[in-house]
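Chemist: Have a look at the structure that comes next, please.
FYI, it's all coordinate maths here, none of it is from the lab. From a predicted model like this one, the values you see are computed outputs, not experimental measurements. As a convention, Cβ positions derive from the backbone with ideal geometry for all residues, glycine included, and neighbour counts pool all protein chains shown.
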């Protein structure tokens with residue numbers, strides 16, 4: 001089986017979320033979360049290496065309005081948005 005990474009997107013709360021996916025869904029799942037300000041591209045080599053044994057999903061955070069990244073905005077707003085993204089990716 002060819003090891004490949006698929007580039008996909010899913011709409012969550014009206015926001016298009018880009019993610020990378022590799023491996024067979026029948027295998028154990030790994031959710032790869034990157035930090036800020038990196039992206040899922042940092043996992044490409046890892047995903048290729050592990051895709052024969054795992055089902056891997058690496059989402060990118062949405063390009064939200066920069067206001068959400070200002071310190072005075074409640075962290076619960078951001079964490080709520082990210083929580084919904086992850087739930088939607090895992091439950092699809």
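Chemist: Considering the zone a paramagnetic label at residue 88 would reach in this model (a point 7 Å from Cα along the Cα-to-Cβ line), which residues of the stretch 1-35 have amide N under 12 Å from it?
Modeler: 9-19
Chemist: Show me the ranking of peptides 25-33, 38-46 by mean Cβ neighbours inside 10 Å, starting with the highest.
Modeler: Highest-to-lowest ranking by the protection proxy: 38-46, 25-33.
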